[in-house]
1. If we keep just the residues of segment 186-218 that are hydrophobic (A, V, I, L, M, F, W, C) and modelled with pLDDT under 80, which is surrounded by the most Cβ atoms within 10 Å (Cβ to Cβ)?
2. Mind telling me which of the residues Phe35, Phe68, Phe28 ends up being hydrophobic (A, V, I, L, M, F, W, C) and more than 20 Å from the chain's Cα centre (by Cα)?
3. Restricting the search to segment 51-85, which residues are in contact (Cβ under 8 Å) with a residue 60 or more places away in the chain and either more than 30 Å from Arg135 (Cβ to Cβ) or not in a helix (DSSP H, G or I) (or both)?
4. Name the residue, out of Ala50, Ala66, Ala97, that is surrounded by fewer than 21 Cβ atoms within 10 Å (Cβ to Cβ) and either modelled with pLDDT of 95 or more or of a type in the set (Gly, Ala, Ser) (or both).
5. Need a quick list: helices (runs of 4 or more DSSP H) entirely within segment 142-224 having at least 2 residues that are in contact with a strand residue (DSSP E or B) (Cβ under 7 Å, 6 or more places away or on another chain) and in the same structural domain as Thr278 (by TED's automatic domain parsing).
6. Please tell me if Val19 is closer than 24 Å to Leu319 by Cα, surrounded by 20 or more Cβ atoms within 10 Å (Cβ to Cβ) and more than 19 Å from the chain's Cα centre (by Cα).
7. Kindly check whether there is at least one residue in segment 281-291 that is assigned to a helix (DSSP H, G or I), assigned by TED's automatic domain parsing to the domain that holds Ile252 and not polar (S, T, N, Q).
Amino acid sequence: MDTVWRALLFGAITALGAVAAQRGYSAFHDGVRPFVRDVAAGRRERREAAGSTWSMSWGFILYYGAPFSLATGVMEKHILGLPADWIGIRSRRVSLAVGCGLLWGICASALLSSTQWVFANLPLPMDQHLLDIARPLLAMMPLIPVVAATSQFGVRLGGFGVGGVTGAAYVAVIALGTDAPAAIAFAVGGIAHLFLVLRERVDTPPPLPEELAAGKSEIRRGTVALVLTGALLAVATSLLWLGGEPASVMLIGLGHPLEAGLIGIYSWIGFAPLVTYTALASRAYTSAGMPDGVLATGLLVRYPPAAAVVGALAMWGELWGVGRFERIISRFPGLHGAGAGIRDGILLVSEIALLIGGAISADAMWPSVGFYIVGGFWLLNEASGRRVMRVAVGPLAAIAAGLAHNLQYWLS
């Protein structure tokens, strides 16, 4: 029965995202947001805009969403959000956007469930071994704020300062036998990073430009659809069916929603400057809220009815507080640098951790040959100009190793 409810929930989320894009309220992809209102107003042809949307989106679906969902059975947000953009922009009628969005969410859920069933019922089952991909990430997640602080403030304050505080906290909580040591150390590192960020303050920030101020009221036109989307997103994450960034998806699959939620909150801080400015400039919001704040609320609440309320309030707060966020960001200029550092930290640590985890997983499924496959996949990808995003190499190679071992088993 859970499979049916999950399919319907994903269908509803995708349908709402498609309607929001069709009406010009919001778009999931940052690159689509600048022209989604022009499409809704008829100033840009839908077919041509849909082509641009798809060309920007398919790589994220294939390499930034699918590998992590296949490895864990947890839906990655890009698999729902990006097709919703395309469906909404391509559809001339709201009813068509609703129908196609609902259909895609149901089909995506069914495909993911079917793939997980296949992985679990192969002659050499892969499902449990694939979860090993996330284990190094769980251990290395306290490095995320260290990398972020180092990229923003240099080695002395970031590497030795934030890194030293984080490392000391990590060793101490492990020695004390405390539950969730990685989460505690990550939180300590994140707070230390933000302490450095908020030291720089402007008493009188420049006034908000007129064109950006006008965007506040335009963004709020989609309040009903987006608040309802926020509620459904939080419900999906509270049930551990949906995740945000790849790091969060992998940790949810491993059974660590608290750690995934903390990464989501840190990501929210990292994306707030970027999303706030682009939303005000384009007068359209982001369909899933600032990554990954709304999604993180469900992971931290974990009770679906309460998660629905908190997720709805979080989305409403973002929509109606976006102007205030811009003033806070202007008052604390360091938040712009922190945003770039946080995004880089999450991506860099994920790339390294998931490559190591992919190698461990592949070797567990096919000793020695697994390491060869993962290493070969990485080297070929680098030599060919990184056709696949680095963060996806470990999971994709581990899946390939498991399938290849089953093929070898059948042939022999």
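The values are calculated or read from the model by the stated rules, or taken from the named source; none is laboratory data. All values reported here derive from a predicted model rather than from experimental measurement. Ideal geometry is used to build each Cβ from the backbone, glycine not excepted, and the neighbour counts take in all protein chains shown.
1. Checking each candidate, the answer is Leu212.
2. Phe35
3. Gly73, Val74, Met75, Glu76, Pro83, Ala84, Asp85
4. Ala50
5. none
6. Against the criterion (closer than 24 Å to Leu319 by Cα, surrounded by 20 or more Cβ atoms within 10 Å (Cβ to Cβ) and more than 19 Å from the chain's Cα centre (by Cα)), Val19 qualifies.
7. Yes, some residue in segment 281-291 is assigned to a helix (DSSP H, G or I), assigned by TED's automatic domain parsing to the domain that holds Ile252 and not polar (S, T, N, Q).
Rundown of residues vs (1) more than 30 Å from Ala214 (Cβ to Cβ); (2) β-branched (Val, Ile, Thr); (3) in a helix (DSSP H, G or I), yes/no style:
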{"position": "Ala307", "(1), (2), (3)": "yes, no, yes"}
{"position": "Met315", "(1), (2), (3)": "no, no, yes"}
{"position": "Ile328", "(1), (2), (3)": "no, yes, yes"}
{"position": "Asp344", "(1), (2), (3)": "yes, no, yes"}
{"position": "Leu355", "(1), (2), (3)": "yes, no, yes"}
{"position": "Gly385", "(1), (2), (3)": "yes, no, no"}
{"position": "Ala397", "(1), (2), (3)": "yes, no, yes"}
{"position": "Gln408", "(1), (2), (3)": "yes, no, yes"}
